[in-house]
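To start, the structure under review is shown below, and the notes come after it.
The values are calculated or read from the model by the stated rules, or taken from the named source; none is laboratory data. Because the structure is a prediction, the values reported are computed rather than measured. Reconstructed Cβ throughout: ideal geometry from the backbone, glycine too, with neighbour counts over all protein chains shown. Remember, those area values only see protein heavy atoms, side chains included, never the ligands or the DNA or RNA. Shrake-Rupley method; radii C 1.70, N 1.55, O 1.52, S 1.80 Å.
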Amino acid sequence: MAATKELTSGTSKLNPETLTVSVTTVVPMHEQDPKPKGMLSPDFLGKLERLALVSKRVQLGASKGERRSKRKGMGIEFADYRDYVQGDELRHVDWNLFARLDALYLRLFEDQEDLTLHLLIDASASMGFGTPSKLEFACTLAAAIGYIALVGYDRVTVEAFSGSQQRVLPPIRGKSSARKLFAFLESVEAGGPTRLERACHAHLANNRFAGMYILISDFFDQDGFDGCIRKLAGSRSDVHAVHVLAPEEINPDVSGDLKLIDSETGKAVEVSINRALLKRYHTDRELFCESIRKYCAARGIGYLMTGSDAPIEKITLEALRKGGLIR
């Protein structure tokens with residue numbers, strides 16, 4: 001009788017009997033991301049400084065920044081005219097127009113405001129799985145995107161959550177705040193169950209500024225992925241979902257008798273791996289990823305699926321730019 005092996009995976013959903021997981025738009029993972037000292041290499045940071053976040057919806061920011069607002073103020077770029085009313089400052093009157101039309105009109109300009117970037121990171125126990133771990137990839141990607149925002153003088157807030165626990169980095173702004181961002185992300189650890197909808201609901205309740213939401217998760221939630229995405233979609237913000245799976249979850253190199261142990265619940269399932277079962281697993285995995293992609297697309301949410309061993313530079317400079325998140 002064959003010996004029974006034990007394999008602790010990121011989630012019990014790796015059991016082909018119950019798992020619905022899959023790959024549609026996978027970023028190539030044959031290149032390993034070199035790990036520099038610190039989160040991001042100086043050379044990569046220099047490349048990030050030439051990029052900017054792309055907001056499809058013009059937001060009302062919290063303070064002056066470098067992107068256009070829907071509010072009309074006293075910025076630099078001309079926006080429109082409006083009729084003069086008693087009490088308006090005469091210095092804003094267009095006197096050339098008055099000379100031609102014998103009527104008083106005020107010149108309006110685009111107000112320049114900041115965008116609020118909300119980085120939401122799933123730090124549940126299943127995110128600790130993989131080589132490199134899904135959480136390590138998530139935090140490194142969040143560092144890159146957050147740095148782009150800080151250089152653009154946008155506001156950045158980060159929340160890492162698992163179960164009922166949330167770790168929050170309050171809003172920061174400016175390139176000088178990058179150290180705070182990196183230090184926070186380097187301190188995030190995986191643990192606890194996945195409760196995506198509860199975490200997103202709590203975050204939205206505590207943050208009044210709309211902006212851009214980027215959720216990074218493996219979406220292995222026993223309650224489903226749709227609740228959290230639906231809540232974010234209703235926030236009047238740009239929303240992007242980054243779906244991360246470990247290489248071992250995308251192409252498991254296993255065979256024989258295994259005991260799969262859910263890292264969040266401790267539930268164990270014994271399976272005998274053969275070619276037919278692996279084929280079924282791949283089919284279910286693809287259906288799972290495709291269902292998330294379609295759900296996001298139907299709600300105007302950006303979706304990227306990637307492996308945790310994908311090079312961060314390739315993801316940031318190519319995949320996110322192609323997806324319209326940065327330029």
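Summary table
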item: Accessible-area value, D94, 1.4 Å probe, nucleic acids and ligands omitted, Å²; result: 20
item: Highest to lowest packing among 186-195, 262-271, scored as the average C-beta count within 10 Å; result: 186-195, 262-271
item: Extension gain from D223 to R91, taking 0.36 nm per residue of separation minus the Cα-Cα distance; result: 41.6 nm
item: Contour excess over end-to-end distance, with Cα ends at E290 and F209 and 0.36 nm allotted per residue; result: 26.1 nm
item: Under 5 Å, built H, 5+ apart or other chain: amide partners of D221; result: none
item: List V168, V242, ordered by accessible area with a 1.4 Å probe, largest first; result: V168, V242
item: FRET E, pair Q165, E270, Förster distance 41 Å, beta-carbon r, rounded to 0.05; result: 0.85
item: Extension gain (nm, one decimal) between K314 and R107, 0.36 nm per residue minus Cα-Cα; result: 70.0 nm
item: Nitroxide proxy distance, nm - points 7 Å out along Cα→Cβ at A183 and T131; result: 3.4
